[in-house]
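Undergrad: My questions all concern the structure below.
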Amino acid sequence: MSHDTLFAEVTDPANRADPYPLYARLRETPVSRQGDGSYVVSTHAAIRGLIFDPRLSSEDLPPSQRPPTGNPFKDWIVNPIKNRVVNAHRPLIFRDPPDHDTLRAIVMEQFTIPRVRGVHREVEGIVEDLIDKLQGRDEICLVEDFSYPLPVMVICRLLGVPEEDEEQFQKWATVLATALEPDSRGDEEARHATATAFDAISDYMRGLIKEKRKNPADDMLSGLANPEPGKPAMGDFDLIASAILLLVAGHETTVNLITNGMLTLIRHPEELDKLRRDPERAPRLIEELLRYEPPVHFRTRKALGDIDIAGTTIPAGAPVILLFAAGNRDPARFADPDRFDPDREDNQHFGFGGGLHYCLGAPLARIETEIALNALVRRFVAPRLLQDPPPYRPGASLRGPEKLGIGLERIA
């Protein structure tokens, strides 16, 4: 297998359960050109050298192009207008400075540490309720029964989405997550489904924002829709895009982090027992999870100019793939990198990306995962995997099990 086809192997679902040997091969050439003209960056040092480089653009999404409907009015007037609006108002993870910085600052005015910490007790209640519903069962699917519903319930409460609409939000998040998968961008059926879901959630958000302006509450969407006098404000299109981003990114990454976390703990029963005996160990364990089995394996960029890095010149216009999960297991940066070690020191991982686009929901994801894993190891008695490796979701970037069957002696 030549190096210029290795990334195609990474995106092959057959390698989803264990892509790490492929990452090791890719690290042999820190910046490797693939057969399609893209450049894969795979070592810790090379990724670190690029994440702050202004010549690397995040505005790499293909133009929005809604599929033909057969209705002349929609195809010639409505959809072209929608496409122009979407192209001009991408979510901030697909924007470069200064737009990115302006939008991120406005969101962070509402996505504050005190607000995130304030949901701690509510997250605990949701977690315990979800586990209580599993009482009497000796087999569960962690994804369907726990990991998937939890984050969407939490982010909806933070945003101020009515509880009765949470199930619909979960469905939208599942579809819209495919837009974050580079290998699905050329799939016409996936793009059609994404556009349909985006239009539906945009219409919903437009109505909810209108309601928040009439009757503001103590939630993030009310804060974003009603900025304080003198503070910068978003236009409605950017506000809708930002709210959708918070839903999708905040949901999908946390689903994977919780599921990968429980999978890793069951595979390492000594660590599961240590966490059960000492819940205060959770923050260190989660940082190692973010390195060892991160929820996001790579993100894509575009070179705005020629970039010399690790002995290779990435030409202007070339697609660039920052393979964070490969950098996380780089032996030049981490001792014994394929070993799960929550006591690891100096754990500077890329579990939440890095640079300008460092995950703005990282504090919330950490809190949710800490509460979830502590509750699961405390209440699940003698958990065991029903299938190892489990079946994985299709995407290679947002990597996590599609199902995680767990057998239990009982639930405490």
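Undergrad: Residue 403: which aspartates and glutamates have alpha carbons under 12 Å from its alpha carbon, excluding same-chain residues fewer than 8 sequence positions away?
TA: Partners found: 144, 145, 388.
Undergrad: Still on this model: Enumerate the calculated ³J(HN,Hα) couplings along the stretch 298-314 in order (Karplus 6.51 cos²θ - 1.76 cosθ + 1.60, θ = phi - 60°), each rounded to whole Hz, writing x wherever the residue is Gly or Pro.
TA: Once rounded to whole Hz, the list reads 7, 10, 10, 9, 9, 6, 8, x, 4, 10, 8, 8, 6, x, 10, 9, 8.
Undergrad: Counting Lys and Arg as +1 and Asp and Glu as -1, each charge on the Cβ, what is the dipole of the chain about the Cα centre in debye, to the nearest 20? Mind dumping the intermediate values first?
TA: Numbers: 50 positive and 64 negative charges, 118 e Å.
Once rounded to the nearest 20, the dipole reads 560 debye.
Undergrad: Now for a different question. Which ³J(HN,Hα) values, rounded to whole Hz and listed in residue order, are derived for the stretch 316-324 from phi using the Karplus coefficients 6.51, -1.76 and 1.60 in 6.51 cos²θ - 1.76 cosθ + 1.60 with θ = phi - 60°, glycine and proline given as x?
TA: 4, x, 6, x, 10, 10, 8, 8, 4
Undergrad: Oh, and also: Taking 0.36 nm per residue of separation and subtracting the Cα-Cα distance, what length does fully extending residue 69 through residue 28 add?
TA: Values: separation 41, 0.36 × 41 = 14.76 nm, distance 4.78 nm.
Working it through step by step, the gained length comes to 10.0 nm.
Undergrad: Per the helix-only calculation at 222 nm, which mean residue ellipticity applies to the chain, given -39500 (n - 2.57) for every DSSP H run of n ≥ 4 and division by its residues, nearest 500 deg cm²/dmol?
TA: Numbers: 16 runs with 191 residues, N = 412.
Computed ellipticity for the chain at 222 nm equals -14500 deg cm²/dmol.
Undergrad: With a ≥ b ≥ c taken as the square roots of the eigenvalues of the C-alpha gyration tensor of the stretch 262-412, please select rounded if a/c is under 1.5 and otherwise prolate if a/b is larger than b/c or oblate if it is not? Could you put the intermediate results ahead of the total?
TA: Details: a/c = 2.36, a/b = 1.99, b/c = 1.19.
Since a/c reaches 1.5 and a/b is larger than b/c, the shape of the stretch 262-412 is classed as prolate.
Undergrad: If you don't mind, another one. If I take every Cα pair under 8 Å that is 6 or more residues apart in the chain, average their sequence separation and divide by the length, what percent do I get for the relative contact order? Working shown, then result.
TA: On the way: 624 pairs, mean separation 105.5, N = 412.
Taking the mean separation of contacting Cα pairs over the length of the chain, I get 26 percent.
Undergrad: Under the 0.36 nm per residue contour assumption, what length would be gained going from the current alpha-carbon distance of residue 124 and residue 306 to full extension?
TA: Details: separation 182, 0.36 × 182 = 65.52 nm, distance 4.92 nm.
Separation in residues times 0.36 nm, less the Cα-Cα distance, equals 60.6 nm.
Undergrad: I would also like to ask the following. In what sequence, largest accessible area first, do 120, 268 appear using a 1.4 Å probe? Spell out each step's value before the answer.
TA: Working: 120 75, 268 40 Å².
Of 120, 268, the descending order of accessible area is 120, 268.
Undergrad: Which whole-number percentage describes the relative contact order of the stretch 303-374, with Cα contacts under 8 Å and a sequence gap of 6 or more? Kindly include the intermediate steps, with their values, before the conclusion.
TA: Details: 42 pairs, mean separation 13.3, N = 72.
Across the stretch 303-374, relative contact order equals 18 percent.
Undergrad: Keeping all protein chains in place and using 1.4 angstrom, which order do 258, 51 fall into by accessible surface area, from largest down? The partial results should precede the final answer.
TA: Details: 258 0, 51 20 Å².
My answer, sorted largest first, is 51, 258.
Undergrad: In the structure shown, do any of 212/302; 171/212; 82/171; 231/302 have a Cα-Cα gap over 28 Å, and if so which?
TA: Values: 212/302 37 Å; 171/212 23 Å; 82/171 22 Å; 231/302 32 Å.
Result: 212/302; 231/302 exceed 28 Å.
Undergrad: How would the chain be classified by its alpha-carbon gyration tensor: rounded, prolate or oblate, with rounded meaning a/c under 1.5 and the a/b versus b/c comparison settling the rest? Please list the in-between numbers first.
TA: Working: a/c = 1.55, a/b = 1.07, b/c = 1.44.
In terms of gyration-tensor shape, oblate.
Undergrad: Collect residues whose amide H, placed 1.01 Å from N in the peptide plane, falls under 5 Å from the amide H of residue 57; neighbours closer than 5 in sequence don't count.
TA: So residue 57 has HN proximity to 302, 303, 304.
Undergrad: With a cap of 13 neighbouring Cβ atoms within 10 Å, and only residues DSSP puts in a loop, list the chymotrypsin sites (Phe, Trp or Tyr not before Pro) found in the stretch 1-64.
TA: Numbers: sites: 7, 23, 39, 52; in loops: 52.
Within the stretch 1-64, the qualifying chymotrypsin sites (Phe, Trp or Tyr not before Pro) (loop, at most 13 other Cβ atoms within 10 Å) are 52.
Undergrad: Would you mind getting me the FRET efficiency between residue 358 and residue 387? Use the beta-carbon distance for r and R0 = 30 Å, nearest 0.05.
TA: Numbers: r = 34 Å, r/R0 = 1.14.
For residue 358 and residue 387, the calculated efficiency is 0.30.
The values are calculated or read from the model by the stated rules, or taken from the named source; none is laboratory data. Since this is a predicted model, take the numbers as computed values, not measurements. With ideal geometry, Cβ positions are generated from the backbone for all residues, glycine too; neighbour counts draw on all protein chains shown. When the accessible area is computed, the model is the full protein with side chains, heavy atoms only, and any ligands, DNA or RNA have been set aside. Shrake-Rupley method; radii C 1.70, N 1.55, O 1.52, S 1.80 Å.
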